[in-house]
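*Asks:* Below you will find the structure I want to go over with you.
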């Protein structure tokens, strides 16, 4: 049985990854600081499972990381731990630098020191996989896609902090020889996403019959990736990726934000019509745009497909239908994560 140390494994993508990894027979040591977006409810299906060891702690705690590495001797470290919401980074960039840059550096130092103690096959097989974002590349025009060799041009404090962490991971490979892998993904959606992000936020407000805020003209474009497909891509890179390489992960599903919102409205109207019979599209309200809002992201994932044979299994329409249904079926989860610290209000509105 392989053992993986997963950081940020109580968050959205990390939690989905941990659930799937344990189901596949991997032992997971899950280190998470349980900030507002970390939620142990996500991991409830693993209660009593010896293959899942949860540790409440921070990747910046060098002593804790060293102890976990020495005790569990993982075959790989997968780093999801990050502050991840652009709007929050506008209001408070320091937290993003502390976790995404300083924390990642501390984690890298601990992993490097542990890796140096390994010998033979264990040393050769060890991997550090860093999960990052397409936002490090900046903004695209009406055409073109981000490739792995696209120059970095981050435009928000969040993306700048993730760009810095990517550079640190690369530097630890070239300077120390640490066997690293990096993935840069497009916008994820699916089960267990904290309701500050576009899709779960719109679902929550639409169910309540509240106004649905859309930034600017709603024409900003994102490539949407179902979280289960993303987890599969990470496993493929971890198992077969070339050391030192970066792999872009995309969903092949570019959509304008307004199209995403209208899709959610139609799905909810079909399953949970409003009592007054209104179409939920009537709730759409255009609001002042996010400061520095990137216009378009699109991922070229041909390297991942060509080298490792990965491609997304779910199209946008099926993925959205599954996602909306999951939130309808798991309203108690939504209510528990909305513990009062976030009340679906807008954040990051002023530069």
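*Asks:* Return the total of residues in the stretch 103-145 being modelled with pLDDT of 95 or more, in contact with a helix residue (DSSP H, G or I) (Cβ under 6 Å, 6 or more places away or on another chain) and more than 24 Å from residue 57 (Cα to Cα).
*Replies:* Result for the stretch 103-145: 1.
*Asks:* Still on this model: Considering only the stretch 83-94, I want to know if a residue exists there that is touching a helix residue (DSSP H, G or I) at 6+ places or on another chain (Cβ under 7 Å), at pLDDT 95 or above and surrounded by 21 or more Cβ atoms within 10 Å (Cβ to Cβ).
*Replies:* No; the residues of the stretch 83-94 include none that is touching a helix residue (DSSP H, G or I) at 6+ places or on another chain (Cβ under 7 Å), at pLDDT 95 or above and surrounded by 21 or more Cβ atoms within 10 Å (Cβ to Cβ).
*Asks:* Checking residue 149 against (1) under 19 Å from residue 248 (Cβ atoms); (2) under 19 Å from the mean Cα position of the chain (by Cα): exactly one of these is not met. Which one?
*Replies:* Against the list (1) under 19 Å from residue 248 (Cβ atoms); (2) under 19 Å from the mean Cα position of the chain (by Cα), residue 149 comes up short only on (2).
*Asks:* Quick check on my filter: what residues within the stretch 299-324 are free of Cβ contacts under 8 Å to residues at least 40 places away in the same chain and under 21 Å from residue 193 (Cα atoms)?
*Replies:* Within the stretch 299-324, 318 is the sole residue that qualifies.
*Asks:* Quick one: is residue 168 touching a residue at least 60 places away in the same chain (Cβ under 8 Å), farther than 30 Å from residue 268 by Cβ, over 13 Å from the mean Cα position of the chain (by Cα) and not in a helix (DSSP H, G or I)?
*Replies:* In short, no.
*Asks:* Of the residues 97, 29, which is touching a residue at least 12 places away in the same chain (Cβ under 8 Å) and more than 30 Å from residue 326 (Cα to Cα)? Walk me through it before giving the result.
*Replies:* Details: 29 fails: more than 30 Å from residue 326 (Cα to Cα).
It is 97.
*Asks:* For the stretch 136-162, which positions are buried (at least 22 other Cβ atoms within 10 Å of the Cβ) and over 19 Å from residue 237 (Cβ atoms)?
*Replies:* Of the residues in the stretch 136-162, the ones buried (at least 22 other Cβ atoms within 10 Å of the Cβ) are 136-137, 146, 156-159, 161-162.
If the condition is that a residue be buried (at least 22 other Cβ atoms within 10 Å of the Cβ) and over 19 Å from residue 237 (Cβ atoms), then 156, 157, 158, 159, 161 are the ones that fit.
*Asks:* Next question, about the same structure. What number goes with the only condition from (1) under 23 Å from residue 260 (Cβ atoms); (2) in contact with a strand residue (DSSP E or B) (Cβ under 8 Å, 6 or more places away or on another chain); (3) crowded, with 19+ Cβ neighbours inside 10 Å that residue 238 does not pass?
*Replies:* Here residue 238 clears every test but (1).
*Asks:* Let me ask another. For the stretch 173-187: of the residues being part of a loop (DSSP other than H, G, I, E, B) and more than 19 Å from the chain's Cα centre (by Cα), which is surrounded by the fewest Cβ atoms within 10 Å (Cβ to Cβ)? Before the answer, list the steps.
*Replies:* Quick first cut of the stretch 173-187, residues part of a loop (DSSP other than H, G, I, E, B) only: 177-179, 186.
Still in the running and more than 19 Å from the chain's Cα centre (by Cα): 177-179.
Working: 177: 13, 178: 21, 179: 18.
In this case the residue turns out to be 177.
*Asks:* Condition check: within 18 Å of the chain's Cα centre (by Cα), closer than 18 Å to residue 62 by Cα and crowded, with 16+ Cβ neighbours inside 10 Å. Does residue 97 satisfy that? Write out each step before concluding.
*Replies:* Values: within 18 Å of the chain's Cα centre (by Cα): yes; closer than 18 Å to residue 62 by Cα: yes; crowded, with 16+ Cβ neighbours inside 10 Å: yes.
Yes.
*Asks:* Which members of the stretch 110-123 meet the condition of being touching a residue at least 12 places away in the same chain (Cβ under 8 Å) and within 23 Å of residue 247 (Cα to Cα)?
*Replies:* Selection gives 111, 112, 115.
*Asks:* Wholly within the stretch 209-312, which helices (runs of 4 or more DSSP H) include no fewer than the required count, namely at least 3 residues that are over 20 Å from residue 150 (Cα atoms)?
*Replies:* On the way: elements: 227-240, 257-271, 302-308.
Answer list for the stretch 209-312: 227-240, 257-271.
*Asks:* Among the residues of the stretch 188-198, write down those that are buried (at least 24 other Cβ atoms within 10 Å of the Cβ), in contact with a strand residue (DSSP E or B) (Cβ under 9 Å, 6 or more places away or on another chain) and either in a loop (DSSP other than H, G, I, E, B) or modelled with pLDDT under 95 (or both).
*Replies:* Selection gives 190 alone.
*Asks:* To continue, here is another question. If the Cβ limit is 6 Å and pairs must be 6+ apart or interchain, which residue in the stretch 129-157 that is in contact (Cβ under 8 Å) with a residue 12 or more places away in the chain and on the phi > 0 side of the Ramachandran plot pairs with which residue that is assigned to a loop (DSSP other than H, G, I, E, B) and buried (at least 16 other Cβ atoms within 10 Å of the Cβ)?
*Replies:* Final answer for the pair search is 138/155.
The values are calculated or read from the model by the stated rules, or taken from the named source; none is laboratory data. Model, not experiment: these values are computed from the prediction. In this analysis, Cβ positions are derived from the backbone assuming ideal geometry, glycine residues included, and neighbour counts consider all displayed protein chains.
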